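Comments concern the structure below.
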Amino acid sequence: MNDPDLAATIEARFTDDLDLAATIQRHPRATLESRRHVSEAGEHALASLRQMAGSLDGKIHVEHTLGEGGMGIVRLATQATMGRHVAVKTLRDGAADVDATLRILREAWVTGALEHPNVVPVYDVAIDARGAPLIVMKRIEGRHWGELLITPDEVRQRFSVDDPLDWHVRTLASVCNAVHFAHSRGILHRDIKPENVMIGAFGEVYVLDWGIAVSLVDDPSGRLPLAWNAHGLAGTPAYMAPEMMADTPAALSPRTDVYLLGAVFYEIFAGAPPHEAGTLHAIIASVMLSNPRFPAGFPAEARRICERAMQRDPANRYASVDELRVAIEEYLRHRGSRKISWEARQSLATLRATLENEPPGEERALAVFNLLGECRFGYRAALSAWPENESARKGLDQALLAVIEHELACGDPGAAATLLREVSAAPPEVPLRVEAAVRARADEDERRKRLEQDFDPSVGTRTRTFVTAIFGVLWIALPLASWYAVARGAIPAHQDAIIAAALFLALGVGLRIWARESISKTALNRRLAATLAVQLGMQIVIASAAWILGISPTQSQTLLILSWALTLALLAVWAERWFAAPAVVSALSLLVAAARPGCLYPLMALDNAVLTYVMVRIWLPRQDVEKLLTRRQEFRQRARRMWLDARAPPQGRAEDE
């Protein structure tokens, strides 16, 4: 409308044709058809048809009327040769002039040239007794799309869909397929609107009413109307593109149909076509300015598609219908992604509420685990459908970060670090906190590992067994030797006990130096070695104190049994529980030795034998024990064979040989 000459031309057209102006104002959704010039090529095509077309008498049995238009009428009929119902379109009585005849025929010729699943098939064309054409087409049982646009409940029920809007957008994508195919054949529809789309009983989509379609390529046969001859206002004002209102045939192009499809896309969301204004001037202004108003709630991405498809300048629209279809299908994917993301957002809200309100425990941990799984599944599905869905990406990050905070609070930095790898954009402080927590946990684990290793009884068992065996043999032998010496008349002396303890202590120090690597490896080994050194040192102290106090050597040796019983009892408390067994034996030996001093040395040998056996039996590695048991079994079998051979008579041995 910026061009004053163009505005004046349009005003003059409606001033000269008041009926046209009234029609546009009162019925902006009605199709306008201009009277076309009957060319020589068109008359030739009509004449050729009348020569070649035969009669349908006997082949078609007309039953009743399905619908009527301005010039045409459609009746239900039975095609006898195929035994099927068809639709037969013809002219009303009194409307069979050349112009009307060519109009209905050209629509049939255009439709017949477009063999596409979304275009109604034309089976045959004939001439009736009046000389009017008969168009035999597939009978479509269904409803016009325009009726379904205003009845979402019917869409849900008839086609079992949960989202009628999604279904309507997909229907438009099917319409785009048909129109794009028509463009590939050089045909413009020029009257795309929901009322010109039929939806079959099973959801089939058919683009109808190609009555004002034109060809962008020359047709020598004269069957197809040519775009450059399409003078006069034609189309539906409520959807019309600016170049159609301006009546500039040279401006018609596939982008004209792109505009009409964009207008239908607008109606799906807005509930009304873009140019359905109240007055004639408002309608004309809306078409020429092409700046539709978008109601509140109109999706932003759908609005961008509409704005581009309905640009006033055709050069700024989508280059083709197929490009528009791709944009619509991308919108569907994005919309589906947004819907999944919205559902995941509900799980995210529940997750946050659970973390804030539920008390710590197994139930909350399980609920958090399940809700995070729901969020992950939903947001990842949304991102799979549309990788650029920032809302889904942010939602997934928020869910992960919430659980990361939960894991840090619960003292599980490993789980937090694992979840952090999935976060696409974490606040800078979160990785630092997770890293610090992981490092602290690693230090704690290392400390626990060292602590466990320090008290691992399996470390250094062979060394402990070897040292025990050496001391055990000496501990058993020395009391027995003392017993023998006393029996031969020797008198026990404190010096002997002090020297023996000192020698044992020196032996222990030497073995400690020799096996320093193995003994120093764990706290258990170090403490056992220290305990042995303390015990031997205490023996020297006890013997020396007894000597000073004038206590007899026999009583002093009895006190040594007491010190060993106490030491073993303490070892049973803080080192190995099985030290309790030799501790009990030592305690009993102490009581017996106190009552019968003559049994002192045998009891000391017994105590040391029990202690040595228990220590070797417990500390000796299992595989070594198994080897010893195997070798003992082999030795027994070898000894048994030798014994049997020794007892066998010489003759039997000779026969065996």
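The values are calculated or read from the model by the stated rules, or taken from the named source; none is laboratory data. Since the structure is predicted, the reported quantities are computational estimates derived from the model, not experimental observations. Methodologically, a virtual Cβ is constructed for each residue, glycine included, from the backbone with ideal geometry; neighbour enumeration extends over all protein chains shown.
Brief remarks on what is shown
- Single residue of ALA639, ALA605, ALA593 found to be modelled with pLDDT of 85 or more and either in contact with a Ser or Thr (Cβ under 6 Å, 6 or more places away or on another chain) or not assigned by TED's automatic domain parsing to the domain that holds THR558 (or both): ALA593
- Those residues of the stretch 195-211 which are aliphatic (A, V, I, L, M) and at pLDDT 90 or above, in sequence order: VAL197, MET198, ILE199, VAL205, VAL207, LEU208
- GLU204 more than 17 Å from GLY112 (Cα to Cα), in contact with a helix residue (DSSP H, G or I) (Cβ under 8 Å, 6 or more places away or on another chain) and touching a residue at least 24 places away in the same chain (Cβ under 8 Å): no
- Single residue of the stretch 534-562 satisfying the filter (among the hydrophobic types (A, V, I, L, M, F, W, C) and farther than 15 Å from ILE498 by Cβ) that is nearest to the chain's Cα centre (by Cα): VAL534
Yes/no matrix, rows are residues, columns are (1) at pLDDT below 90; (2) surrounded by fewer than 16 Cβ atoms within 10 Å (Cβ to Cβ); (3) farther than 23 Å from GLU329 by Cα:
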{"site": "ASP97", "(1), (2), (3)": "yes, yes, yes"}
{"site": "THR101", "(1), (2), (3)": "yes, no, yes"}
{"site": "LEU105", "(1), (2), (3)": "yes, no, yes"}
{"site": "VAL120", "(1), (2), (3)": "no, no, yes"}
{"site": "ARG170", "(1), (2), (3)": "no, no, no"}
{"site": "ALA182", "(1), (2), (3)": "no, no, no"}
{"site": "LYS193", "(1), (2), (3)": "no, no, no"}
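- Those residues of the stretch 521-560 which are polar (S, T, N, Q) and part of a helix (DSSP H, G or I), in sequence order: ASN525, THR531, GLN535, GLN539, SER544, THR554, GLN555, SER556, GLN557, THR558
- Test: ALA309 is more than 30 Å from ARG293 (Cα to Cα), touching a residue at least 24 places away in the same chain (Cβ under 8 Å), hydrophobic (A, V, I, L, M, F, W, C) and surrounded by 16 or more Cβ atoms within 10 Å (Cβ to Cβ): no
- Breaking point among (1) in contact with an Asp or Glu (Cβ under 6 Å, 6 or more places away or on another chain); (2) more than 29 Å from GLU147 (Cα to Cα), for ALA246: (1)
- Just one of the numbered conditions (1) over 30 Å from GLY336 (Cα atoms); (2) within 27 Å of the chain's Cα centre (by Cα); (3) assigned to a loop (DSSP other than H, G, I, E, B) is not true of GLY414: (3).
- Residue in the stretch 216-239 that is within 40 Å of the chain's Cα centre (by Cα), modelled with pLDDT of 85 or more and more than 26 Å from ALA21 (Cβ to Cβ) present: no
Conditions tested, residue by residue: (1) in contact with an Asp or Glu (Cβ under 9 Å, 6 or more places away or on another chain); (2) crowded, with 16+ Cβ neighbours inside 10 Å; (3) closer than 16 Å to ASN196 by Cβ; (4) polar (S, T, N, Q).
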residue	(1), (2), (3), (4)
ALA77	yes, yes, no, no
ALA80	no, no, no, no
ALA87	no, yes, yes, no
ASP93	no, no, no, no
ALA108	no, yes, yes, no
GLY112	no, yes, no, no
GLU115	no, no, no, no
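- Residue within the stretch 22-33 that is part of a strand (DSSP E or B), at pLDDT 75 or above, closer than 26 Å to ALA272 by Cα and under 54 Å from the mean Cα position of the chain (by Cα) present: yes
- Flag if GLN557 is touching a Leu at 6+ places or on another chain (Cβ under 7 Å) and buried (at least 20 other Cβ atoms within 10 Å of the Cβ): yes
- For the stretch 454-474, the set of residues classified as closer than 19 Å to ALA572 by Cβ and either touching a Gly at 6+ places or on another chain (Cβ under 9 Å) or at pLDDT 90 or above (or both) consists of PHE471 only.
- Only one entry of ALA569, ALA546, ALA575 meets the criterion of being in contact with a His (Cβ under 8 Å, 6 or more places away or on another chain) and surrounded by 15 or more Cβ atoms within 10 Å (Cβ to Cβ), and that entry is ALA546.
- Scanning the stretch 374-391 for residues that are small (Gly, Ala, Ser) and closer than 15 Å to ALA349 by Cβ gives GLY378, SER391.
- For the stretch 504-548, a residue qualifies if it is more than 19 Å from THR567 (Cα to Cα), aromatic (Phe, Trp, Tyr) and touching a residue at least 12 places away in the same chain (Cβ under 8 Å), and exactly one does: TRP547.
- Against the test of being touching a residue at least 24 places away in the same chain (Cβ under 8 Å), hydrophobic (A, V, I, L, M, F, W, C) and part of a helix (DSSP H, G or I), the options ALA437, ALA442 yield a single qualifying residue, ALA437.
- First in the stretch 390-411 and assigned by TED's automatic domain parsing to the domain that holds ASP443 and of a type in the set (Phe, Trp, Tyr), second anywhere and at pLDDT 95 or above and surrounded by fewer than 21 Cβ atoms within 10 Å (Cβ to Cβ), Cβ under 9 Å, 6 or more apart: none
- Residues that are under 23 Å from THR558 (Cβ atoms), surrounded by fewer than 18 Cβ atoms within 10 Å (Cβ to Cβ), aromatic (Phe, Trp, Tyr) and not assigned by TED's automatic domain parsing to the domain that holds GLU390 are absent from the stretch 500-522 altogether.
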